[in-house]
Amino acid sequence: MKILKSALLIVGLLTICAFSINAVQQGESGNSMESTAKVDDNINKSVADSYNIKALPMPEDLSFAGEKVPLEDPDIYERMDRELLVNTYWQSNALLLIKRAHKYFPVIEPILKEKGVPDDLKYLAVIESGLTQAVSPAKAVGFWQIMEGTGKDYGLEINSNVDERYHIEKSTRVAADYMKKAKERFGSWTLAAASYNAGQYGVDKQLERQKVDDYYDLLLGEETGRYVFRILALKEIMNNPEKYGFNFDESDLYKHIPVNKVKVDTVVKDFPDFAEKFGINYKILKVHNPWLRDDHLKNASGKTYFIDIPEKGNYPEIN
C-alpha cells in the first residue's frame, strides 16, 4: 500500500511539472510571436518611410524645342506619364545620365548653338546612347547612333583605322545638320526628332497615309511612338533632379576634362609611344579619342587630324 501511495505521489508530481513546463513554453512562444510581429511591423514601417512609390504630378507647359506638348489630350497625357514614371523610378540609369551630362554637355551645347539648332536636341544623344560610345544591333555607332551610310553622306571618315562616328564633336555636327534638314522638310522640330529615329521617309509616309501633319496625331510603332516622350521625360528629370528625388553634390558628377588639340598630318606608327610623349598612356589617349580605331594611324594621304590630349593635372603622371 505504501508503495502504491508513493507511486501515485510521483506520478502526480510529474504531471504538475509537465503542466508547468508547457505553460512556460506557451508563454515564451506567445512572447516570441508577439516580438516577431513587432519586428516585422517595424521593418514594414521602415521600408514605407524610406521607399515611397508615388504618382508623379504632370509638369505644366511641357515643350520640345519651343513646341508645346498637348497634354489636354488624354492619350498624350498617359504616354507622357508613362515615360516620367519609367525614367524616374529607374533611378540608377537616370542618375548615371545626370552624371555623364555634366561631363559631355559642355562639348555638345556649343556645337548645337553654333549650328543654330535648339539646345533641346542634346537630349536625343541622351536617349540614343546614354551618352556612351554605343554600338546598336543595326551597327549604328556613337553618341548619336549614326549609320555608316549616313555618316559618309555627311562627310565623316569611316574605315577600320578611323571612324569619326565616335568623334563627339564631328558626330554632333552631323546630327545637327540632319535635324536642320528634317526641320525644313517637316516644319516641326518634334517631327524632325521622330524622323531621327524612324527615318525621314518613314515619317513622311505615315503623315501622308494617316492624313495628319503633327507628331502627336500620328499612330506609330512602339519605339518611335515613345521616342519624343522619352526625350521630354529625361529633359524634365535632368533639369529638375531634386523634384524627382535625385540628390547629389557637384563633386558627385563626372567632370569635363579640358583638352589641347594636337595637329597630326603624318603617319603615326605607334600610339602608345605617341601618348607617352604627352605624359599619358595609350588608354587615356583612346578614352579621349575613341575615333582612332587602331594603335596606329595610316594617313597615307597626309590628311590633317586633331588629336585631343588632356591638360596636365587631370590624370596621374605616368612614370
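What follows draws every value from the coordinates through simple rules; no lab data is involved. Remember, it's a predicted structure, so these values are computed and weren't measured experimentally. A quick note on method: Cβ atoms are made from the backbone with ideal geometry, for glycine too, and the neighbour counts reach across all protein chains shown.
Of note:
- Note on Ala138 and Ser251: their simple-model spin labels are 4.4 nm apart, each label 7 Å out from Cα toward Cβ.
- Annotation note: trypsin sites (Lys or Arg not before Pro) in region 236-319 located in DSSP loop regions with a Cβ neighbour count of at most 12 within 10 Å are Lys255, Lys269, Lys277, Lys312.
- The calculated FRET efficiency for the pair Val287 and Leu96, based on their C-beta separation and a Förster distance of 22 Å, comes to about 0.80.
- Column: log10 I(q)/I(0), Debye, Cα scatterers of region 259-310, q = 0.22, 0.30 Å⁻¹: -0.77, -1.43
- Once the mean of 1/r is taken over each pair of separate Cα atoms and inverted, region 139-192 shows a Kirkwood hydrodynamic radius of 11.4 Å.
- Cross-link pairs exceeding 31 Å in C-alpha to C-alpha distance, out of Lys181/Lys243; Lys205/Lys235; Lys152/Lys211; Lys139/Lys269; Lys115/Lys263; Lys139/Lys312, comprise Lys181/Lys243; Lys152/Lys211; Lys139/Lys312.
- Once the C-beta distance of Glu72 and Glu169 is scaled by a Förster radius of 41 Å, the resulting FRET efficiency is 0.55 to the nearest 0.05.
- Theoretical FRET efficiency, 1/(1+(r/R0)^6), r = Cβ-Cβ of Lys298 and Glu114, R0 22 Å, to 0.05: 0.10
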